[in-house]
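The values are calculated or read from the model by the stated rules, or taken from the named source; none is laboratory data. These figures come from a predicted structure and were not determined experimentally. In this analysis, Cβ positions are derived from the backbone assuming ideal geometry, glycine residues included, and neighbour counts consider all displayed protein chains. Ligands, DNA and RNA are stripped out before the accessible areas are found, and what is left, the full protein with its side chains, is counted by its heavy atoms. Shrake-Rupley method; radii C 1.70, N 1.55, O 1.52, S 1.80 Å.
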Amino acid sequence: MMDLKRVNEYMERVEKSQSMTFQPVGSKLKVGLDLGTAYIVIVVLDEENNPVACEKKAASVLRDGIVYDYTGALNIVKELKAKLEQRLGGRELINCAIAMPAGTDSSIKTHSYVAEGAGFEVTNILDEPTAANSIYQIENGVVVDIGGGTTGLAILKNKKVVQIEDEPTGGTHVSLVLAGNYHISFAEAEVIKQDYSKHKEIFPVVKAVIEKMATIVKKYVNPKEVDTIYLCGGTCCLTGIEKIFEKETGLTTIKPDNPFLVTPAGIAMNCEAN
Ligand code: ATP
């Protein structure tokens with residue numbers, strides 16, 4: 001079972017590291033770069049994996065996990081890297097780990113080129129749900145990462161990832177449904193969706209999209225072998241999402257208080273710093 005208290009405390013500090021810079025322990029810094037469909041995030045940890053600093057920016061430079069606006073992505077990564085270096089008193093960030101949705105092999109190079117173009121040396125490349133499990137540390141079950149563009153999952157057996165899947169339904173689709181229903185722009189829909197006080201009201205409108213995400217997980221998971229779903233990714237911030245997953249799949253569904261930055265923090269944990 002996942003130690004929910006430990007995860008919640010750790011993620012709270014990652015959240016805090018967006019506005020506060022923590023003094024790193026030791027001499028090495030570990031960096032995780034998450035190039036997402038909705039956000040680009042950089043998390044900095046110290047060599048004992050304590051969160052040090054984090055910067056993020058909303059971006060639409062990827063589609064279905066693939067970088068399609070290289071220059072746009074590069075400029076944002078450079079900007080976030082510079083901000084972090086300034087927060088760290090001018091210290092240069094060198095090594096970083098990156099991740100990508102499972103099954104998008106062709107994008108590996110573009111992700112690396114963006115990181116390298118911004119001045120990083122890429123020391124590790126992993127898939128997103130595996131990165132998330134560096135935080136969760138579950139031995140058996142399925143980690144489900146629902147970001148902006150896709151629903152990704154990693155099935156774990158005895159601490160090993162035995163299956164990875166990824167399908168294109170994510171938070172973007174939730175926003176599109178909201179925009180259509182309320183006759184508002186996509187940007188306005190995003191604002192409403194991220195407002196926790198509106199979650200109850202929008203729930204009936206977005207329910208079908210969440211059910212679709214749960215169906216994706218159900219398709220790949222054998223309930224005889226997997227009994228628990230562990231949620232992460234920005235879209236899992238939606239209040240009550242875990243209840244729909246439980247109803248659709250019949251599996252116990254667990255999510256931490258803040259599932260948003262789990263994957264980028266997990267990516268950083270896998271950076272080999274020197
Ligand atoms: P992907 O992994 O698909 O490439 P990503 O890495 O950008 O995308 P995340 O950063 O995990 O994905 O999540 C971004 C999504 O989470 C966006 O669709 C965003 O609207 C949504 N999101 C963020 N905060 C909230 C919130 N409070 N409530 C609902 N949705 C949210």
Checklist entry - Pulled fully out, how much extra length does the chain show between Lys57 and Thr71, if you take 0.36 nm times their separation in residues and subtract their Cα-Cα distance? => result 3.5 nm
Checklist outcome for this item: The farthest towards the positive end of the charge dipole of the chain, of the residues Tyr70, Gln137, Val191, given +1 on Cβ of Lys and Arg and -1 on Cβ of Asp and Glu, is Val191
Checklist outcome for this item: Classified through the alpha carbon gyration tensor (a ≥ b ≥ c as square roots of its eigenvalues; rounded if a/c is under 1.5, else prolate when a/b is larger than b/c, else oblate), the range 155-274 comes out oblate
Checklist outcome for this item: Extension length gain for Glu116 and Asn158 (0.36 nm per residue less Cα distance), in nm, is 11.6 nm
Checklist outcome for this item: Toy charge model, Lys and Arg Cβ at +1, Asp and Glu Cβ at -1: the range 205-274 dipole around Cα centroid in debye, rounded to 20, equals 300
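Starting from the eigenvalues of the Cα gyration tensor, five times each then square-rooted, give me the equivalent ellipsoid semi-axes of the chain, largest first, whole Å.
Details: eigenvalues 160, 93, 62 Å².
Each semi-axis is √(5λ); the values are 28, 22, 18 Å.
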Next on the checklist: With the crude spin-label approximation of a point 7 Å out along Cα→Cβ, what separation in nm comes out for Asp257 versus Glu48?
Outcome noted: 2.2
Next on the checklist: Please report, ordered by residue number, every helix of the chain (full DSSP H runs) that is 20 Å or longer along its axis going by C-alpha atoms and whose mean Kyte-Doolittle hydropathy reaches 0.5.
Outcome noted: none
Checklist outcome for this item: Per residue, accessible area of the chain with a 1.4 Å probe, heavy atoms of protein chains only, in Å², comes to 45
Item to check | Distance-filtered residues of the range 247-266 - backbone nitrogen under 18 Å, label point 7 angstrom along Lys224 Cα→Cβ | outcome: 250-251
Checklist outcome for this item: Length gained, Lys83-Arg6, 0.36 nm per residue minus C-alpha separation, equals 24.8 nm
Checklist outcome for this item: Rounded to whole angstrom, the alpha-carbon centroid of the range 24-50 lies from that of the range 181-199 at a distance of 30
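At a 1.4 Å probe radius, carbon and sulfur cover how many percent of the accessible area of the chain?
50
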